[in-house]
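Worksheet for the structure shown next.
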Amino acid sequence: LDLASPVVDAPTIGPKMAQKLEAIRVKTIGDLLAGDSGDIAVAIGEKAVTRETVETWKSQSMLVCRIPNLRGQDAQLLVAAGYRTAESIAEASGDDLYEAIARVASTKQGLRYLRGGNPPDHQRVVSWIDWSKHSRMVKAA
């Protein structure tokens, strides 16, 4: 994922929401990251889409842009567990991060993120820490 990627490629954003975002000129990941979260939420005009919702989309997208090998589903779990930056992941202990991810993965929201798949194992979660230590810098447009 990079700044030029279509907004539909962002974690959590499906085709229907991407159409709504594109209608308000949020066509790429860069557009999403550069836009004011409150303004985007208001322009979408849906009760379920709040400033915080857009902030979550941004955090997930930024993680996938910055951390090599990180999947959208991984970013969804990380952000839901309170890890919104590559730096916070890089500084985490493997056991603490794994426990936080396991808690999220067992919730209704976590199960939705997993789409019927298994939660990441301890080794995969620890790999996120290693990958985060080699994160790329991304500058929003």
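The values are calculated or read from the model by the stated rules, or taken from the named source; none is laboratory data. Remember, it's a predicted structure, so these values are computed and weren't measured experimentally. Don't worry about glycine lacking a Cβ; one is built from the backbone with ideal geometry, like all the others, and counts go over all protein chains shown. Just the protein is used for accessible areas: all its heavy atoms, side chains included, with ligands, DNA and RNA removed. Shrake-Rupley method; radii C 1.70, N 1.55, O 1.52, S 1.80 Å.
Which sequence of SER127, SER106 reflects their accessible areas, 1.4 Å probe, from the largest down?
SER106, SER127
Please compute the modelled spin-label separation between THR107 and SER5, points set 7 Å along Cα→Cβ, answer in nm with one decimal.
Between SER5 and THR107, the label points sit 2.3 nm apart.
Give the relative contact order (percent, whole number) for the chain; include only Cα pairs under 8 Å separated by 6+ residues.
Once normalised by length, the contact order is 25 percent.
Find how many whole Å separate the alpha carbon centroid of region 85-115 from the alpha carbon centroid of region 65-81.
Their Cα centres are 9 Å away from one another.
In a shell of Cβ-Cβ distance under 11 Å around SER5, excluding SER5 itself, what net charge do Lys and Arg (+1) and Asp and Glu (-1) give?
Residues near SER5 contribute -2 overall.
How big is the charge dipole of region 83-141 about its Cα centre, in debye rounded to the nearest 20, if each Lys and Arg gets +1 on its Cβ and each Asp and Glu gets -1 on its Cβ?
So the dipole magnitude of region 83-141 works out to roughly 440 debye.
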